[in-house]
Amino acid sequence: MNHIRAINRKARRIEEHVAESEGDILALQQGPGPKPHIPMGCSLVFYPGWEVDSAGGTAGLCQPVERDLFDCYVTCFWPAHVPDHLNNAPDWTSKCATGTKDWRNIDIVFP
Amino acid sequence: MTTYALAESHRFHAAAADFLYLVPSGGIFSLDQLSAAILDALAPGPLSREQLIGRVSQRIACPPVEVASCVHELCQVRAIRDVATTVVDSPQALPDHFPLQTLVLNVTNQCNLSCQYCYEFGEDKIATPEGKKKFMDVETAQSSVDYLLAQSEGRRSVHITFFGGETLMNFPLLRHVVDYSREQAGRKGVNIDFSLTTNATLLTPAIIDFLAENHVGVTVSIDGPKEMNDKFRVFSNGRGSYEIMEPKIRELLARHHTRPIAARVTLTSHAMDVFKIYRHLKHALGFHEVGFAPVTTSPDRLYSINEPGMHQVFAQFGELAEEYLQFALRGELHGFSNVSDTLAELHQGVNKSHPCGAALGLVGVGPSGDIAPCHRFVDSDEHVLGNVATGIDRQKQSAFLNRGNIQSKHACHTCWARPLCAGGCHHEAFVRYGDTGHPNLHYCDWIRGWTHTCLEIYGVLAEQNPSFLEYFAERKAQ
């Protein structure tokens with residue numbers, strides 16, 4: 001605390017409590033602070049232009065549509081959309097080197 | 001967009017510094033120029049973040065980023081709040097079992113005086129002693145001690161206060177209880193200490209020596225010099241008690257050095273010159289401490305203090321408190337214990353759910369062994385909570401506690417002094433309003449004024465002699 005000074009014991013306890021929570025996970029507890037806030041994971045943000053381009057198609061997207069698949073697969077664990085590559089389908093993308101070109105080679109997985 | 005508003009708090013100024021007393025936490029912070037400016041800017045009403053930072057940075061020529069970081073600090077300690085987020089402080093539930101700390105043992109309900117304002121025998125009495133034991137017997141006293149030790153699980157030390165009636169009318173029992181409870185507490189490895197309240201008329205050198213040897217703290221009820229004391233503190237034939245008490249008090253103060261000896265003054269319409277009373281008790285007689293409390297009464301009694309009287313008392317309290325401060329700045333102890341008591345609570349930053357420990361850590365036990373919330377309710381059929389032989393009726397206890405909880409005193413919810421006051425004495429409330437859970441509204445201005453006075457003293461000490469405050473560092477309850 002730079003601008004207020006704890007005087008009595010309770011104030012010192014409040015200060016300690018604040019110091020502890022400052023060192024803890026901030027993102028979801030305190031809302032946007034003064035610094036830019038970058039949340040983790042795709043579900044927290046809306047990316048306009050990701051799904052359709054300005055013409056309503058998918059050709060002019062800044063990322064190919066197929067990246068969605070790998071965005072869910074690599075950076076998130078979203079089992080509803082992609083097979084579980086850790087336990088049950090470790091090889092389901094082994095024939096797909098580049099998603100935008102080889103996506104047709106991705107195996108169909110039957111649960 | 002974030003909009004900020006002041007949270008509940010009380011500003012005060014002491015020793016050229018700005019302070020903030022936070023409600024309900026009880027924290028006290030000192031403010032710098034910037035934090036004070038932010039609070040000033042919000043005083044008229046809520047402001048958006050942009051407005052607040054803009055105005056303050058302009059007013060005191062401070063970079064906005066610095067103002068923003070100060071706003072952040074004030075938010076964290078809940079001095080200001082974002083109006084969009086309502087922080088609901090859900091009341092902390094009382095623990096299922098709250099271990100006893102103090103037993104007030106009414107060793108007798110008999111008294112050799114007939115003080116007219118006495119809450120036990122006077123016009124506003126609530127006790128119904130008819131047909132009950134007048135003197136506590138040895139068996140009841142021993143089971144009371146056993147009850148205290150059994151119910152104080154986890155405490156390192158416990159306390160017994162002897163009370164009456166006139167306590168010394170049953171001195172043989174008192175002596176027995178001291179010996180018995182020392183032995184029992186020693187067996188459990190618990191520290192025990194004792195105190196008693198007396199009118200001093202029955203003190204003898206032998207009794208005084210016993211009290212001194214056993215470190216029994218003594219509080220003497222006395223209302224000031226002869227003319228004030230004898231107005232209401234009289235024998236049943238109307239004769240004043242001062243002349244009997246005075247030599248005995250002098251003897252007590254001369255022989256008993258193991259604990260501070262305190263005087264307890266009941267302020268009435270005929271004893272309200274606080275200065276004169278204090279000077280007499282502290283300097284002429286030599287008490288270590290003097291504590292004052294206005295008489296508990298219905299408003300229309302002869303001895304009750306009217307409103308102008310209360311103003312006068314309050315003004316004198318303020319002057320005597322100023323004298324306390326001058327002593328404290330020199331590192332000396334002053335005997336005005338009302339200030340010490342309040343400073344101790346401010347230093348801890350208490351935030352009370354209940355005004356006192358009655359029916360929580362403290363209970364009163366009557367001569368018959370009946371348990372009451374405190375000594376003031378002893379022998380009142382309406383308030384009995386149980387008996388030392390059978391224990392406390394937990395339902396009655398929680399009914400009493402729920403009634404007295406600050407959560408149920410709605411009038412207190414907007415008052416900044418509630419962390420310390422919590423609505424005031426249960427007994428006072430019952431006498432005045434017929435309900436132990438009623439806030440003592442007739443004292444609100446007094447309590448706020450007094451708390452403010454003590455906050456200012458606390459602030460000056462924090463700035464100019466903080467080491468004095470360490471005197472209050474030891475927590476009472478352990």
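The values are calculated or read from the model by the stated rules, or taken from the named source; none is laboratory data. On a predicted model such as this, the values are computed, not experimentally measured, just so you know. Neighbour counts run over all protein chains shown; Cβ positions are idealised from the backbone, glycine included.
Side notes on the structure shown:
- Condition met for residue B:364 (within 14 Å of another protein chain (Cβ to nearest Cβ) and buried (at least 21 other Cβ atoms within 10 Å of the Cβ)): no
- Filtered residues of region B:346-361 (kept if assigned to a loop (DSSP other than H, G, I, E, B), among the polar types (S, T, N, Q) and either crowded, with 20+ Cβ neighbours inside 10 Å or within 14 Å of another protein chain (Cβ to nearest Cβ) (or both)): B:351
- Residue match in region B:466-478 (condition: surrounded by fewer than 15 Cβ atoms within 10 Å (Cβ to Cβ), in contact with a Ser or Thr (Cβ under 7 Å, 6 or more places away or on another chain), at pLDDT below 95 and not in a helix (DSSP H, G or I)): yes
- Pick from region B:394-411, criterion of a type outside the set (S, T, N, Q) and under 18 Å from the mean Cα position of the chain (by Cα), ranking: surrounded by the most Cβ atoms within 10 Å (Cβ to Cβ): B:404
- Evaluation of residue B:18 against (1) part of a strand (DSSP E or B); (2) surrounded by fewer than 17 Cβ atoms within 10 Å (Cβ to Cβ) (one fails), failing number: (2)
- When each of B:17, B:5 is tested for being aliphatic (A, V, I, L, M) and more than 11 Å from chain A (Cβ to nearest Cβ), the lone residue that passes is B:5.
- Of all residues in region B:25-39 being in a helix (DSSP H, G or I) and at the interface with another protein chain (Cβ under 7 Å from one of its Cβ atoms), the one that is nearest to residue B:347 (Cα to Cα): B:35
- Within region B:406-436, the only residue that satisfies the criterion of being of a type in the set (S, T, N, Q), assigned to a helix (DSSP H, G or I) and touching a helix residue (DSSP H, G or I) at 6+ places or on another chain (Cβ under 8 Å) is B:408.
- Annotation note: of B:15, B:61, the sole residue that is of a type outside the set (Phe, Trp, Tyr), on the phi > 0 side of the Ramachandran plot and in contact with a Gly (Cβ under 7 Å, 6 or more places away or on another chain) is B:15.
- Scan region B:63-91 for residues that are facing chain A (nearest Cβ under 10 Å) and assigned to a loop (DSSP other than H, G, I, E, B) and the total you get is 5.
- Filter pass, residue B:55 being touching a residue at least 12 places away in the same chain (Cβ under 8 Å), of a type in the set (D, E, K, R), farther than 20 Å from residue A:22 by Cβ and within 14 Å of chain A (Cβ to nearest Cβ): no
- Residue B:439 vs. criteria closer than 30 Å to residue B:194 by Cα, out of contact with any His (no Cβ under 8 Å at 6 or more places or on another chain) and part of a loop (DSSP other than H, G, I, E, B): no
- Residue list for region B:429-463, restricted to those being under 16 Å from residue B:321 (Cβ atoms), of a type outside the set (Gly, Ala, Ser) and within 14 Å of chain A (Cβ to nearest Cβ): B:451, B:454, B:455, B:456, B:457, B:458, B:460, B:461
- One residue from B:363, B:313, B:339 being of a type in the set (Val, Ile, Thr), within 18 Å of residue B:430 (Cβ to Cβ) and under 20 Å from the mean Cα position of the chain (by Cα): B:363
Table: residues versus (1) touching a residue at least 60 places away in the same chain (Cβ under 8 Å); (2) not polar (S, T, N, Q).
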position	(1), (2)
B:3	yes, no
B:7	yes, yes
B:20	no, yes
B:26	yes, yes
B:29	no, yes
B:35	no, no
B:59	no, yes
B:62	no, yes
B:69	no, no
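- Some residue of region B:92-99 being of a type in the set (S, T, N, Q), part of a loop (DSSP other than H, G, I, E, B) and within 14 Å of chain A (Cβ to nearest Cβ): no
- Of the residues screened, residue B:101 is not one that is polar (S, T, N, Q), within 27 Å of residue B:453 (Cβ to Cβ) and in contact (Cβ under 8 Å) with a residue 12 or more places away in the chain.
- Test: residue in region B:450-465 that is part of a helix (DSSP H, G or I) and without any contact (Cβ under 8 Å) to a residue 12 or more places away in the chain: no
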